[in-house]
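Here is the structure we will look at.
The values are calculated or read from the model by the stated rules, or taken from the named source; none is laboratory data. Quantities reported herein were computed from a predicted structural model and do not represent experimental measurements. Heads up, the Cβs are rebuilt from the backbone with ideal geometry, glycines too, and the neighbour counts pull from every protein chain shown. Accessible surface is based on the protein model in full, side chains and every heavy atom, while ligands, DNA and RNA are left aside. Shrake-Rupley method; radii C 1.70, N 1.55, O 1.52, S 1.80 Å.
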Amino acid sequence: MELMRLATAGSVDDGKSTLIGRLLFDSKALMSDQLESVERVSAARGDAVTDLALITDGLRAERDQGITIDVAYRYFTTTRRRFILADTPGHAQYTRNMVTGASTADLALVLVDARNGMVEQSRRHVFLASLLRIPHIVVAVNKMDLVGWDRAAFDAVREDFRRWAARLEVSDVTFIPVSALYGDNVVSRSENMPWYEGPSLLSHLEEVFIASDRNLIDPRFPVQYVIRPRGGSDPQLADYRGYAGQVAGGVFSVGDEVIVLPSGRTTTVRSIDTPEGPITEAFPPMSVAMTLTDELDVGRGDMLCRLHNRPHVGTEVEAMVCWFADEVPLATGTTWALKHTTRSTRTQIGELRYRLDVNTLHRDTEARALTMNEIGRVALRLAQPIVFDEYRRNRTTGSFIMIDEFSNATVGAGMIIGPTATT
């Protein structure tokens with residue numbers, strides 16, 4: 001079955017964890033011991049209704065504070081689709097966790113409290129979803145039971161969201177009124193809101209079309225590992241040289257003419273192998289091993305592409321960076337390790353163009369550094385060339401992470417805008 005990755009987002013106390021707990025509970029995706037544990041903790045706290053938020057709020061600090069801090073991942077399956085769900089934090093100081101959890105999502109589930117409407121954190125997370133180029137957004141207007149199932153409250157949230165989204169690059173948006181506490185419109189249609197004629201949340205998640213979201217136009221294959229069998233008695237494997245990796249874009253077929261970047265050598269695809277045997281073509285997100293007709297010097301970090309459909313190759317790029325580090329800021333002249341697809345190199349910060357206020361979208365061109373959870377546009381100078389696309393075109397070949405070389409901690413995540421413009 002097809003796999004969908006989804007991430008929740010929204011303000012603190014909008015009910016993200018409760019909604020996910022309800023989704024897992026009503027779809028029969030919980031183990032009996034998990035449910036017993038949640039019921040036991042809820043009873044010990046004196047809750048009148050079983051607190052389904054405890055299913056995802058696994059950290060002790062979260063249970064004590066009643067908020068989500070880390071990214072909680074859950075896996076569940078229905079008869080139509082498999083899901084990996086990331087319950088991301090809503091608080092401003094955990095923006096980096098939200099960026100991490102939503103970076104690979106096919107769909108963002110944004111919760112809005114029907115009583116409060118769009119608030120600052122809601123706007124922040126919608127902006128982050130658009131910045132991360134998440135193709136689909138579902139706005140779940142929660143706590144409809146607390147506004148008497150009023151359609152006017154739902155319509156007000158929808159119009160406010162549309163006004164804000166008009167300033168962003170948001171295309172596919174669906175609005176669903178729900179009550180996570182009681183399960184209305186989560187798995188089954190609600191009888192309390194006869195004016196709503198759309199699907200329940202789970203029905204929509206099962207039906208939204210995501211296959212076309214992958215880039216099938218630009219063939220990209222970052223080489224992760226070179227397979228050279230050693231020993232053995234099979235003479236056919238004696239000269240085998242396979243290049244293993246995950247297809248990051250486009251379709252590769254046996255016989256295709258390809259170019260190896262950054263070297264620029266050309267050859268053709270001789271075979272495409274998988275653990276189940278050879279195949280004739282590969283596409284995202286398949287993991288395969290390709291063999292080439294010619295003996296070329298190809299290694300980890302190189303990329304196979306089509307001869308007449310090439311990505312950028314260069315050492316100077318412009319990117320939007322979300323800074324994760326709490327002790328060291330990102331500033332002009334600082335140096336970091338950088339990992340892009342399967343290539344690792346070093347980078348120096350050439351210039352901080354501006355710091356972006358994610359609440360107002362104001363660009364602060366006077367900023368001199370980015371601190372934890374801040375986002376800004378940065379010019380990078382790389383020690384070695386990387387093979388990249390704009391992030392808006394390919395989320396895999398257009399993204400990177402930055403690493404502290406001393407602690408080996410991930411200190412930032414970046415989305416490539418393009419090559420640095422020359423003056």
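For the stretch 116-170, a tally of residues being open to solvent by less than 10 Å² (accessible area, probe 1.4 Å), under 22 Å from GLU207 (Cα atoms) and more than 18 Å from the chain's Cα centre (by Cα) returns 3.
For every residue, the table says whether it meets (1) in contact with an Asp or Glu (Cβ under 7 Å, 6 or more places away or on another chain); (2) open to solvent by less than 20 Å² (accessible area, probe 1.4 Å); (3) more than 30 Å from ASP106 (Cβ to Cβ); (4) among the β-branched types (Val, Ile, Thr).
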position	(1), (2), (3), (4)
ASP239	no, no, yes, no
SER253	yes, no, no, no
THR266	yes, no, yes, yes
MET303	no, yes, no, no
LEU307	yes, no, yes, no
PRO311	yes, yes, no, no
VAL317	no, yes, no, yes
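Residue count for the stretch 293-316 under the criterion of being under 28 Å from ARG377 (Cα atoms), in contact with a Lys or Arg (Cβ under 9 Å, 6 or more places away or on another chain) and of a type in the set (A, V, I, L, M): the result is 1. The single condition among (1) of a type outside the set (D, E, K, R); (2) within 23 Å of THR397 (Cα to Cα); (3) open to solvent by less than 70 Å² (accessible area, probe 1.4 Å) that SER287 does not satisfy is (3). When only residues in the stretch 347-373 that are out of contact with any helix residue (DSSP H, G or I) (no Cβ under 8 Å at 6 or more places or on another chain) and in contact (Cβ under 8 Å) with a residue 40 or more places away in the chain count, which is most open to solvent (accessible area, probe 1.4 Å)? Checking each candidate, the answer is THR371.
In the stretch 250-308, of all residues being of a type in the set (Ser, Thr, Tyr), outside any loop (DSSP other than H, G, I, E, B) and more than 29 Å from the chain's Cα centre (by Cα), the one that is nearest to PRO222 (Cα to Cα) corresponds to THR291. Residues in the stretch 7-20 that are buried (at least 24 other Cβ atoms within 10 Å of the Cβ) and of a type in the set (A, V, I, L, M, F, W, C): ALA7, ALA9, LEU19, ILE20.
Name the single residue that is nearest to VAL99 (Cα to Cα) among those in the stretch 316-350 being of a type in the set (Asp, Glu) and at pLDDT 95 or above. Please lay out each step first, then the result.
Taking the stretch 316-350 first, the residues of a type in the set (Asp, Glu) are 316, 318, 326-327.
Now narrow it down to the ones that are at pLDDT 95 or above: 316, 318.
Values: GLU316: 24, GLU318: 19 Å.
Among those residues, the one meeting the criterion is GLU318.
Only one entry of ARG395, ARG377 meets the criterion of being in contact with a Phe, Trp or Tyr (Cβ under 6 Å, 6 or more places away or on another chain) and in contact (Cβ under 8 Å) with a residue 40 or more places away in the chain, and that entry is ARG377.
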